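Data block below; observations after.
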Amino acid sequence: MIVLVLIASVAVYSFSVDTLGSSSSLFQMHTALREEQARERLSILAVWWDGASQLNVTVLNCGKIELVIDAVYINGVQASAYTSGNGETVAKGSIASIKFASSVLIVDGQTYEIAAVTERGSRDAVYWKA
Amino acid sequence: MRCTGKLSHNRRGAGSIVGAVFIFLILLSGSAFYILNANLTEEYNETLQDMQQLDLKRNKEIIEFSSVSVTTDNKLNVTAKNTGSYQVHLIWLGLFDKTSTPETQQYFSINTYVDVGETATTIGSSVTITSASQNVIQLVTELGNIFHYDMYKTTITGPDTIPYYQTSADWRNYTVRISATTGTSVPIYFSLYANGSSVEFDGISNPAWVHTDANGEYTVRIKSTHAAGETFTLYVTVESLVVQKRITQEPA
C-alpha cells in the first residue's frame, strides 16, 4: 500500500514539476523576448538614392540593446536585393547603412514610406521624398 | 487479527503522511515557479517603465543651431544650444552635400554633452566642408533625435593678397554669392565684417548690413592701410551661418 502511494505520489510530483517547469520556461522565454524588444529603439537618419534603383537607408540604434536589421520596406513592399547592412549586428549608439535595390519604382519628387524592421520586430518608418 | 488491523491502520497512516509530503512538495515547487515568474514580470515592468522614461526624455530633447561657421581652412564649426528639458548627448554629425548628384551623405562620430540651457561650441571642428556646396548638417542625439540645419551655398571670391593702399587702383573686389536653400533667387540680407585694424569697405561701414542682388551676388571693394602689413579675416554672416576668408595685406 505504501509503495503504491509512494509511486503515485512520485508520478504526480514529477508530472507537476515537469508541467510547471515547461510552462515556466516558456513564460521566461516569452518575457525575455518581450523585454529585449522593449529595450530596442531604432531611428532612420537618412535615405540616399542613386537616381536609379539603389537605395541606402542609414539607421541609428538608439536603444539599450544591440539589434539586427532584418528587412526594409518601401511603401509596404519588402526589399529583397540587399547589397550590405542587412542581417548585421548594430551596437548600441552605432549606425548601420542598409544598401539594396528598390523593389518599387522610385520616381523623382515622389514621396515614399521607408520602414526598417529588426529581427525582434521593432520598427521605425519615415516619409522620404525622392 | 487485532495485530493485523493495527498494522493496516499504521500503513494507512504512513501512506497519508507520504501523500501529504508530496502534496507539500508540489505546492512548494508551484510557489517557487510562481515567485520566479513574478520576479520576471516585475523586471519586465521595470524595463517598460525605464524605456517609457527614455521616450519621455527623447520627446523633450531640443537643440537649436546658434551658428554654423566654415573656417578659413574649410573646417566646420557648429555652435548649438540645448533649449530642451534634459541633458543632450550628441553622438553623430551628418553632413549631406546636396550639390552633387546623387547627393553625398557622411556621418562623423562626435561625443558632446550639452546641459539644459547651455551652449556647445566647436562641434564638428575636425570635419572638412566647403561653403560653396549646398550642405545640410544633422546633429543626432543618443536618444535618436535628429536636428537639421540647411546651409546657404555661400562663396567669397577674391584675391588672397591685397596691396598696401596708396592709390584708387589698390582697391580689390570681393564677390559674395549666396544661393537660397529654396533655390529661388531672392535678395538675401547678410553682414560683412573684416577684423583688420586698417581695413575699409568702399562706400559702406565695417561692419555693414547688405543684401544680394537679383543674381544672388554682392561685390564689395576692400582696401587696407597697415604699413607693416597684416592678415585679417573677412566674415560673411547669413542668418546663423558664418563663412570666412583670410586675406593678407602686403606691407608698404
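No value in this document is a laboratory result; all are computed from the given coordinates. Just so we're clear, the structure is a prediction, and the values are computed from it rather than from any experiment. Note: ideal-geometry Cβ built from the backbone for every residue, glycine included; neighbour counts use all protein chains shown.
A few points about this structure:
- Qualifying residue in the range B:139-161 (condition: part of a strand (DSSP E or B), among the charged types (D, E, K, R) and more than 29 Å from B:Lys81 (Cβ to Cβ)): no
- Residue list for the range A:1-30, restricted to those being surrounded by fewer than 12 Cβ atoms within 10 Å (Cβ to Cβ), more than 7 Å from every other protein chain (Cβ to nearest Cβ) and hydrophobic (A, V, I, L, M, F, W, C): A:Val3, A:Leu4, A:Ile7, A:Ala11, A:Phe15, A:Leu26, A:Met29
- The range B:32-63, subset closer than 30 Å to B:Leu139 by Cα and hydrophobic (A, V, I, L, M, F, W, C), residue surrounded by the fewest Cβ atoms within 10 Å (Cβ to Cβ): B:Leu56
- Residue count, the range A:56-112 (criterion: part of a loop (DSSP other than H, G, I, E, B) and under 27 Å from B:Glu61 (Cα atoms)): 9
- Filtering the range B:59-96 to residues that are under 30 Å from B:Tyr152 (Cβ atoms) and within 13 Å of chain A (Cβ to nearest Cβ) leaves B:Glu61, B:Val88, B:His89, B:Leu90, B:Ile91, B:Trp92, B:Leu93, B:Gly94, B:Leu95, B:Phe96.
- Only one entry of B:Gln138, B:Gln105 meets the criterion of being crowded, with 17+ Cβ neighbours inside 10 Å, free of Cβ contacts under 8 Å to residues at least 40 places away in the same chain and within 14 Å of chain A (Cβ to nearest Cβ), and that entry is B:Gln105.
- Residue list for the range A:1-55, restricted to those being closer than 30 Å to B:Gln138 by Cα and over 28 Å from the mean Cα position of the chain (by Cα): A:Gly51, A:Ala52
- Within the range A:31-58, the residues that satisfy the criterion of being at the interface with chain B (Cβ under 8 Å from one of its Cβ atoms) and not small (Gly, Ala, Ser) are A:Thr31, A:Arg34, A:Glu35, A:Arg39, A:Arg41, A:Leu42, A:Leu45, A:Trp48, A:Trp49, A:Asp50, A:Asn56, A:Thr58.
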